[in-house]
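So the structure is just underneath, and the comments pick up after that.
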Amino acid sequence: MCWTMIDVIAETINLHKMKYFILFGPPGAGKGTQASAMVEKYNLHHISTGALLRKEIAAGTELGLKAKSLIDAGALVPDEIVEGMIESEFKTVKGVNGFLLDGFPRTTAQAEVLDQMLAKTSESVTAVVSIMIPDEMIKERIRHRATIEGRADDAKEETINNRILTYHEKTEPLVDYYTKAGRYNEINGTGTIDEVRENIFALMDTL
């Protein structure tokens, strides 16, 4: 193969191109466990919206102060503030190969904003990794976790069913959105932790 200087530069840029992964999965799918392994193996920065809010509030940033005032008043933190925090992470975190988004986007509107955000630097979502388990398994795992953690309220049938319904209502439109974009990848989450991890790694090695 005859390489020109342009080819070499293009390949170098491609090798160092940041990757942006989105982690999907219902309650009990093991997202937290698998996220830790994904971050470690692929040198990614994990962005969890809840942790991000706590970090910005603790740091006393402008966005953090706005979020704190809303939370203290019992109000929901609007999308714009969460989106601003995520964009700040993209710009300021260095020394990683990419990012793993967990808990964002939750709606197609947020997915569109994320696309626009990344397009500013000629980037795009690399892939969605969706750990799927059937509803009955979601119920079993939530009950088991609630028992271990002593959270009886979380084990109520009504509470569990509501969490599952909310997940489907929020996630299914995103599955369609990212499937159309050719970014959606589904992993069977019913195996052991090691089996699911191996399947995730096999997928990510191709991306």
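The values are calculated or read from the model by the stated rules, or taken from the named source; none is laboratory data. Computed from a predicted structure; not experimentally measured. Every residue, glycine as well, gets a Cβ built from its backbone with ideal geometry; the counts of neighbours run over all protein chains shown. Accessible surface is based on the protein model in full, side chains and every heavy atom, while ligands, DNA and RNA are left aside. Shrake-Rupley method; radii C 1.70, N 1.55, O 1.52, S 1.80 Å.
Which is the longest stretch in the chain that no exposed loop site breaks, taking sites as trypsin sites (Lys or Arg not before Pro) with a DSSP loop state and at most 11 other Cβ atoms within 10 Å? Don't jump to the answer; show the numbers that get you there.
Values: sites that count: Lys94, Lys120.
Result for the longest clean stretch: 1-93.
Which whole-Hz couplings ³J(HN,Hα) result when phi for each residue of region 30-38 is put into the Karplus expression 6.51 cos²θ - 1.76 cosθ + 1.60, θ = phi - 60°, listed in order with x for Gly and Pro?
For region 30-38, the Karplus-derived couplings read x, 4, x, 5, 6, 4, 4, 5, 5 Hz, x marking Gly and Pro.
Whose amide H sits under 5 Å from the amide H of Tyr184, counting only residues 5 or more places off or on another chain, with H placed in the peptide plane?
The list, which skips near neighbours in sequence, is Val128, Thr179.
List, in order, the whole-Hz ³J(HN,Hα) value for each residue of region 69-81 obtained from phi through the Karplus relation with A = 6.51, B = -1.76, C = 1.60 and θ = phi - 60°; use x for Gly and Pro.
Each residue of region 69-81 in turn: 5, 6, 5, 4, 8, x, 9, 6, 7, x, 3, 4, 6 Hz.
Inverting the mean 1/r over all pairs of different Cα atoms, compute the Kirkwood radius of the chain and quote it in Å. Write down the numbers at each step before the final one.
Values: mean 1/r = 0.0533 Å⁻¹.
Computed over the chain, the radius equals 18.7 Å.
To the nearest 10 Å², what's Met18's accessible area with a 1.4 Å probe?
Near enough 50 Å² of accessible area.
Please compute the length gained on full extension between Ile71 and Glu123, using 0.36 nm multiplied by the number of residues separating them and subtracting their Cα-Cα distance. Provide the component values of the computation, followed by the final result.
Values: separation 52, 0.36 × 52 = 18.72 nm, distance 3.22 nm.
Here the segment from Ile71 to Glu123 would lengthen by 15.5 nm.
Taking amide H positions as placed 1.01 Å from N in the peptide plane, with prolines and chain starts having none, which residues 5 or more places from Gly103, or on another chain, fall under 5 Å of its amide H?
Leu23
Take the cross-link list Lys139/Lys180; Lys31/Lys91; Lys31/Lys55 and give me the ones stretching past 32 Å between alpha-carbons. Working shown, then result.
On the way: Lys139/Lys180 30 Å; Lys31/Lys91 25 Å; Lys31/Lys55 20 Å.
Among Lys139/Lys180; Lys31/Lys91; Lys31/Lys55, the Cα-Cα distance tops 32 Å for no pair.
Compute the signed sum of charges (Lys and Arg +1, Asp and Glu -1) over the other residues within less than 11 Å, Cβ to Cβ, of Leu23.
Values: positive: Lys31; negative: Asp102.
Around Leu23, the charge tally is 0.
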